[in-house]
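Coordinate-derived values only; no laboratory data. Model, not experiment: these values are computed from the prediction. Cβ placement follows ideal geometry from the backbone for every residue including glycine, while neighbour counts extend to all protein chains displayed.
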Amino acid sequence: MLLRKTSSFILLVSLQFFAPYTASAQLRIVCIGNSITQGKTGLKKDSSYEYSYRPWLWEKLISTGFKVDMVGFHPYFFDEREGQLSMNFKANGVSFDRDCEAYYGITSAAFVNGSESKGWTGAPLPKFADRINSEKKGYTPDIALIHMGTNDKDSTTEQVAATRKNIGEIIRVLRNKNPAVVVIVAKLITGWKKINGQIDALCRDWNTKQSPVVAVDMATGFINDPKVEGTMTYDHVHPNKAGQLFMMERWYNAIVQNLKDAVPPSMQGKLVVAHQSRNRVTVSWRAANDNYGIKAYEVLVNGKLADTTSPNIQNYTFQGLQPGRQYKILVRAKDWRGNRSNGIVATATIKK
């Protein structure tokens, strides 16, 4: 319980009611990459697993109010086939959404052009344009996270240029499916890769108002050497848990900062006075609807903001109210772009 004092009364937030995560998620995110993005099973020497950033990112998005659908051509998480997942990763009672576009060992050229290898999905990998438009496995992302190029050769200028061209082709295919897709391109955690020096320019070249392309710096601050205290990898390349969480935080912040959303939330039903006494009033409300999820609820009293609650709370208790006074209480929802809903109102008169 959170107790706060103000000049006129005490605000007591009650944590009794929680909004369940719903399956009708609408923020569609595709994670594009190689082994660093896909991850795999297998206990490591430090008793952790090569989970990748994906489950941690999914968990944080849901726990902070987002409605999320992870999309991609396959759900084979940690190199295992559907139904054979050994790790039961859950958040808010919902199992991890494994769909992605990440393939262990893939190059940017094979990602774009496809491959005859059957090791990833049990069949030759179609080219990216065919995967995203597949009748059975196709998808339409709102946001694309790209960490690509670790496995590409870069000893010549031509090889680096080829990687840059392939990443540009990935962006072109994404835009053909969704002209308003937001694309976030990482500077690789393997900071010695020469493509990192091209990412800012690549993003500037491809950036448009309708479909932003922005860079996120994964390299700065990432510790690759397993022999160094605080290392973030097992082997200079593949992130341990510290590295996975490092990547997750940078992706999460980039998503929040670049989210495109002009649709305000909507409050349904009435603001109910659930309990009232001499100096206390409790109000409750139905969970708001939003296309991408609710960031918070704002509670106003007599036209002034009294407090902000988490997206999982649908009730609020005011304590220390003054007898004989009337309080007009308004609750409204706010999404992650700052759009606010209509307000629902209740009036409470405190008896003397």
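Give me the extension gain from Val273 to Gln257: residue separation times 0.36 nm, minus the current Cα-Cα distance, reported in nm with one decimal.
Values: separation 16, 0.36 × 16 = 5.76 nm, distance 3.63 nm.
Result for the pair: 2.1 nm of gain on full extension.
Strictly over 20 Å apart at the Cα level, which of Lys304/Lys328; Lys137/Lys260; Lys328/Lys351; Lys193/Lys241 would you flag in this model? Please report the intermediate quantities before stating the final value.
On the way: Lys304/Lys328 10 Å; Lys137/Lys260 25 Å; Lys328/Lys351 15 Å; Lys193/Lys241 22 Å.
Lys137/Lys260; Lys193/Lys241, as the Cα separations exceed 20 Å there.
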### Message
If each DSSP helix of 4+ residues adds -39,500 (n - 2.57) and the sum is divided by the residues in the chain, what number results at 222 nm, nearest 500 deg cm²/dmol?
### Response
-6000 deg cm²/dmol
### Message
Using only the Cα atoms of the chain, what semi-axes does the equivalent ellipsoid have when each is the square root of 5 times a gyration tensor eigenvalue? Give whole Å, largest first.
### Response
45, 21, 19
### Message
Suppose each label sits 7 Å from its Cα in the direction of the beta carbon; what would the His236-Thr347 distance come out to in nanometres?
### Response
7.3
### Query
When the chain is fully extended, how far beyond the present Cα-Cα distance does Asp225 get from Ser266, taking 0.36 nm per residue of separation?
9.9 nm
### Message
Could you tell me the extents of region 114-196's C-alpha atoms along the three principal axes, largest first, rounded to whole Å?
### Response
39, 32, 21
### Alpha-carbon spread of region 200-352, three principal axes, descending order, Å
69, 41, 21
### Task
Enter the mean projected area of the convex hull around the alpha-carbon atoms of region 293-337, in nm², rounded to one decimal.
3.5
#### Entry: Alpha-carbon centroid distance for the pair region 285-335 / region 153-225, whole angstrom
42
### Label-reachable residues, region 155-182, where backbone N falls under 12 Å from a point 7 Å from Asn291's Cα toward its Cβ
180-181
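Taking GluC sites (Glu not before Pro) that fall in a DSSP loop and have at most 10 other Cβ atoms within 10 Å as cut points, what is the longest piece of the chain between them?
Between exposed loop sites, the widest span is 230-352.
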